[in-house]
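Read the structure below first, then the notes.
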Amino acid sequence: MILQPGEAVKHSSKTTYKKTEGTLYFTNKRLAWCKLEEQTPTVEILHEHVHTPKVSTSAAKIMLKVVSSTPESNGEPVEANAPVFVWKQTDKEAANAERTKFVTELSL
């Protein structure tokens, strides 16, 4: 992933977004997702725009939905188009541990 000046990756994890494989990154500035073998993020959310990280309660899929605000929403959370990332690992405990790293950081 192409980093911005002064940006550093804290966590990264293989996920899918809209059924497309890629990597989810948590940096000191933003949450970003890139398709496999691409460097430019398809999804990026600055930390100050994150309102609520939501997790799946179903054991079938390990998912993270990130509700954030946009300039058009005047700081209000917009849930309708919130991105949903899915961990595809067969080891559900490992996938859950990976997701927890992101949720913990987003909740700070």
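Quick look at the values:
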item: Long-range neighbours under 9 Å by Cβ, at least six apart or interchain, first residue among the aliphatic types (A, V, I, L, M) within segment 21-38, second part of a loop (DSSP other than H, G, I, E, B) and open to solvent by 20 Å² or more (accessible area, probe 1.4 Å); result: 32/1; 32/41; 32/42
item: Conditions (1) in contact (Cβ under 8 Å) with a residue 60 or more places away in the chain; (2) in a loop (DSSP other than H, G, I, E, B): number failed by residue 11; result: (2)
item: Residues (in contact with a Lys or Arg (Cβ under 8 Å, 6 or more places away or on another chain) and within 13 Å of residue 67 (Cα to Cα)) located in segment 27-47; result: 44, 45, 46, 47
item: Number of positions in segment 60-93 that are open to solvent by 40 Å² or more (accessible area, probe 1.4 Å) and either β-branched (Val, Ile, Thr) or assigned to a helix (DSSP H, G or I) (or both); result: 8
item: Segment 1-55: number of residues that are closer than 15 Å to residue 85 by Cβ and open to solvent by 20 Å² or more (accessible area, probe 1.4 Å); result: 20
item: Test result for residue 4, without any contact (Cβ under 8 Å) to a residue 60 or more places away in the chain and among the polar types (S, T, N, Q); result: yes
item: Unmet criterion (only one of (1) touching a helix residue (DSSP H, G or I) at 6+ places or on another chain (Cβ under 7 Å); (2) at pLDDT below 95; (3) closer than 20 Å to residue 42 by Cα) for residue 71; result: (1)
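The values are calculated or read from the model by the stated rules, or taken from the named source; none is laboratory data. Just so you know, these numbers come straight off a predicted model, no measurement behind them. Ideal geometry is used to build each Cβ from the backbone, glycine not excepted, and the neighbour counts take in all protein chains shown. Heads up: the accessible areas ignore ligands, DNA and RNA and are worked out on the full protein's heavy atoms, side chains in. Shrake-Rupley method; radii C 1.70, N 1.55, O 1.52, S 1.80 Å.
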